[in-house]
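Step one of this worksheet: look at the structure below.
The values are calculated or read from the model by the stated rules, or taken from the named source; none is laboratory data. Since we're looking at a predicted model, the values are computed, not measured. All Cβ positions, glycine included, derive from the backbone under ideal geometry; neighbour counts span all protein chains shown. Protein only, heavy atoms only, side chains kept; ligands, DNA and RNA dropped before computing areas. Shrake-Rupley method; radii C 1.70, N 1.55, O 1.52, S 1.80 Å.
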Amino acid sequence: MDVHARELRYFVAVAEELHFTLAAERLYVSQPALSKQIRALERQLGAPLFERDRREVRLTAVGTALLPHARRTLAAWDEAASAVERAKAVQRATLSVGWSTSPGRGGLLPAIRSRFTAAHPDAELRLRQVGWDDPSAGLADGTSDVAFLWLPLVDADRYRWLVVAEEPRVVALPENHPLAARSTIPFADLLDEPFLALPHSTGPLRDHFLAVDARAGRPPRIGDEVGSTDETYEALVDGRGICLLAAGNAPLLTRGGVTTRPVTGLSPSRLAVAWHADDQRPLVRAYVDACRAVTKGAGG
């Protein structure tokens with residue numbers, strides 16, 4: 001037998017209404033069309049499903065036996081159809097990717113996008129830049145689904161992450177600074193310098209770019225607090241302090257009047273793509289998989 005869901009749906013409607021006209025109205029079909037489908041189903045089953053006379057419609061023994069199975073079959077099909085629609089909606093969905101400092105890194109983003117969109121051509125990627133005062137780049141308030149962040153993270157237990165780049169920390173300083181004449185600078189020679197600091201809200205990331213871990217307990221001197229690349233550049237040119245940054249971000253500050261130098265004695269900075277630890281959405285996993293395939297990064 002090759003029974004269609006439509007025929008079962010028509011049968012259930014008549015069985016529940018016990019009236020062909022009312023069932024037809026419920027299904028938004030004509031009564032003759034409904035009767036034709038029921039007769040076709042009865043022929044396939046080889047037995048009548050209803051007893052009909054001028055006063056009433058009754059289920060036969062065969063119809064009574066079929067009804068609970070028809071209901072379960074239709075419920076299962078409706079659930080399957082809903083699952084298909086949800087999957088299609090996910091494929092069409094928008095994935096918001098947050099960042100606070102450009103994660104370009106030699107074509108990293110285009111390579112990730114290419115791999116991701118090849119697998120999910122109907123999904124839309126939306127890049128959004130977030131200010132430095134939000135170290136989660138939009139993850140904390142849900143405006144970003146995934147985000148490129150420098151480690152360490154604030155509230156790290158809320159997130160999972162995959163390292164996509166590891167770069168040495170360099171120091172940015174005015175071109176006329178006495179230390180700018182050196183090709184490489186030991187961090188010990190920077191301990192007494194005033195530093196430009198990230199906002200307090202960045203927590204452990206602020207400490208990382210002040211190199212608190214390499215100061216042997218000596219507190220840093222804070223020359224100023226900065227919340228953007230432009231603010232950092234202006235503060236450097238004004239001589240308010242120096243700052244550490246990942247080597248890949250050096251071109252953002254060396255616009256004229258500012259230079260960068262390698263620093264020894266410091267661990268590298270790590271750029272990661274991060275997402276909520278409990279986020280199991282397929283598009284999020286697909287984007288992380290694309291990042292992993294492109295970078296072969298280490299997770300956390």
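When TYR287, TYR233 are screened for being hydroxyl-bearing (Ser, Thr, Tyr), more than 14 Å from LEU173 (Cα to Cα), open to solvent by less than 40 Å² (accessible area, probe 1.4 Å) and outside any loop (DSSP other than H, G, I, E, B), only TYR287 passes. Do we have GLY248 as part of a loop (DSSP other than H, G, I, E, B) and either buried (at least 17 other Cβ atoms within 10 Å of the Cβ) or over 32 Å from the mean Cα position of the chain (by Cα) (or both) here? No; evaluated as a whole, the condition is false for this residue. Number of residues in segment 137-155 that are closer than 20 Å to GLU231 by Cα and open to solvent by less than 10 Å² (accessible area, probe 1.4 Å): the value is 2. Within segment 186-199, the set of residues being surrounded by fewer than 20 Cβ atoms within 10 Å (Cβ to Cβ) and in contact (Cβ under 8 Å) with a residue 24 or more places away in the chain comprises PRO186, PHE187, ALA188, LEU191, ASP192, GLU193, PRO194, PRO199.
Each residue in segment 255-274 was checked for being assigned to a loop (DSSP other than H, G, I, E, B) and farther than 20 Å from PHE187 by Cβ, and 3 pass.
The number of residues in segment 290-300 being out of contact with any strand residue (DSSP E or B) (no Cβ under 7 Å at 6 or more places or on another chain) and either part of a strand (DSSP E or B) or among the β-branched types (Val, Ile, Thr) (or both) comes to 1. Of everything in segment 157-185, what is assigned to a helix (DSSP H, G or I), under 24 Å from the mean Cα position of the chain (by Cα) and surrounded by 13 or more Cβ atoms within 10 Å (Cβ to Cβ)? Give them in sequence order. The answer is ARG158, and nothing else. If only residues of segment 1-21 that are at pLDDT 90 or above and not in a helix (DSSP H, G or I) are counted, the one that is surrounded by the fewest Cβ atoms within 10 Å (Cβ to Cβ) is LEU18. In the set GLU56, GLU25, GLU42, only one residue is more than 50 Å from the chain's Cα centre (by Cα), over 23 Å from ALA76 (Cα atoms) and modelled with pLDDT under 95; that residue is GLU56. For segment 259-279, indicate whether the set of residues that are aliphatic (A, V, I, L, M), within 24 Å of ASP155 (Cα to Cα) and touching a His at 6+ places or on another chain (Cβ under 8 Å) is non-empty. No, every residue in segment 259-279 fails to be aliphatic (A, V, I, L, M), within 24 Å of ASP155 (Cα to Cα) and touching a His at 6+ places or on another chain (Cβ under 8 Å). Has segment 254-276 got any residue that is under 19 Å from VAL97 (Cβ atoms), open to solvent by 60 Å² or more (accessible area, probe 1.4 Å) and within 32 Å of the chain's Cα centre (by Cα)? Yes.
From the list ARG58, ARG43, ARG9, ARG71, the one residue that fits, being out of contact with any His (no Cβ under 6 Å at 6 or more places or on another chain) and either among the small types (Gly, Ala, Ser) or without any contact (Cβ under 8 Å) to a residue 40 or more places away in the chain (or both), is ARG43.
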